[in-house]
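Report on the following structure.
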Amino acid sequence: YNNLSVLPLRDKQLTYFAAVHGSTVSLASASADGLSVSHRQLQAKEGGLAVSASIVTQASWCVLPSRVLLVLTSQKGIQMYESDGSIMVYWHALDVLEPPPAQAVFARGIAAASGRFICVGTSSGLVLVFDIPSKGTNITLSEVLEEHRDSITDIASEDGDADLVTADDSGALCVWRSKEEFSLLTKISAFGWTCSSVKLWNGVIAAGYGNGQIRLYEAMSGALRATVSAHARWIYALDLAPLTGKLLSGAEDSYVQIWKLSRSPDTGDIEIEHCHSECVTDTQLCGARFCDPEGNAFAATGYDLSEIVRYGQV
């Protein structure tokens, strides 16, 4: 899921893209006009004497006030790099001595939180909270959140009272408040489908599921506010444009849908409207992201697709 990460660099007029292919991460940077493109591959380094390269499950940029880190999750552990992928600043091995025979071990789900933490999910349902210094490599594992029983699929955050949401393979969601320590605010029960992608915006949780539905919840209470039958097949990516409330969903049915979230000025209720539909022909989408905070452009990746496709508003 969520096999695309985008980092817009306004001051340099550049956009960075990261997509996972097996044991490598493809990094690309492109100018706004698309004329200047550079590309390199990042091979996942392993701690110790790894015989074979492990499969990377996700790559994502985490933007903190003082620094930006590129975080990779894999079957062996968690790696944090400087934003351009040039220097590895931290490596955390997944401590599994003898996993059960039928159980895969991996990390997945990455989000920055509260301006100083990076949260990473694991296949055992644990969420690892790392305390990130403003510079240097003195990164520490400060807390472990033990609430999920199934593999973590995705993590999202925003500044607010309910500022972290974690999702798992069963479809359960947990909402957290992260200050000095993390506290559980509410738990949203599963209903039979995996929640593959989750986002937070203005106290609204947007969650995408294996049945093609998007569900909108109040973050503080966990109350369900809207259900949208958005796609014919499994949703593999959601993204939110923080400045406008635009919501993007990408799925196995080859479609990227653009929605607009808002709150009614009279009642405060969550409202959603459909804005645009785009078919990426013959492509099972596995990643989609907005390229800017306003949501004026988006990019998508697909299975066996050797390119990242970018779309812009005209």
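Just a few scattered comments:
- Residues that are among the aliphatic types (A, V, I, L, M) and either in contact with a Pro (Cβ under 6 Å, 6 or more places away or on another chain) or surrounded by 23 or more Cβ atoms within 10 Å (Cβ to Cβ) (or both), drawn from segment 189-201: Val198, Leu200
- With respect to the stated conditions, Thr283 is farther than 19 Å from His39 by Cα, open to solvent by less than 80 Å² (accessible area, probe 1.4 Å) and of a type in the set (Ser, Thr, Tyr).
- Restricting segment 129-164 to residues that are touching a Cys at 6+ places or on another chain (Cβ under 7 Å) and hydrophobic (A, V, I, L, M, F, W, C), the residue that is surrounded by the fewest Cβ atoms within 10 Å (Cβ to Cβ): Val129
- Segment 125-196 holds strands (runs of 3 or more DSSP E) entirely within its bounds, and those carrying 1 or more residues that are among the small types (Gly, Ala, Ser) map to 140-146, 152-157, 164-168, 173-178, 182-188.
- Any chance Ile155 is modelled with pLDDT of 95 or more and within 18 Å of Pro242 (Cα to Cα): yes
- For segment 227-249, the set of residues classified as under 16 Å from Tyr311 (Cα atoms) and in contact with a Phe, Trp or Tyr (Cβ under 6 Å, 6 or more places away or on another chain) consists of Asp239, Leu240, Ala241, Leu247, Leu248, listed by residue number.
- Conditions (1) in contact (Cβ under 8 Å) with a residue 40 or more places away in the chain; (2) open to solvent by 30 Å² or more (accessible area, probe 1.4 Å); number of the one not met by Leu305: (1)
The values are calculated or read from the model by the stated rules, or taken from the named source; none is laboratory data. Please read all numbers here as calculations on a predicted model, not as lab measurements. Because the Cβ atoms are built from the backbone with ideal geometry, glycine has one as well, and the counts that use them run over all protein chains shown. Remember, those area values only see protein heavy atoms, side chains included, never the ligands or the DNA or RNA. Shrake-Rupley method; radii C 1.70, N 1.55, O 1.52, S 1.80 Å.
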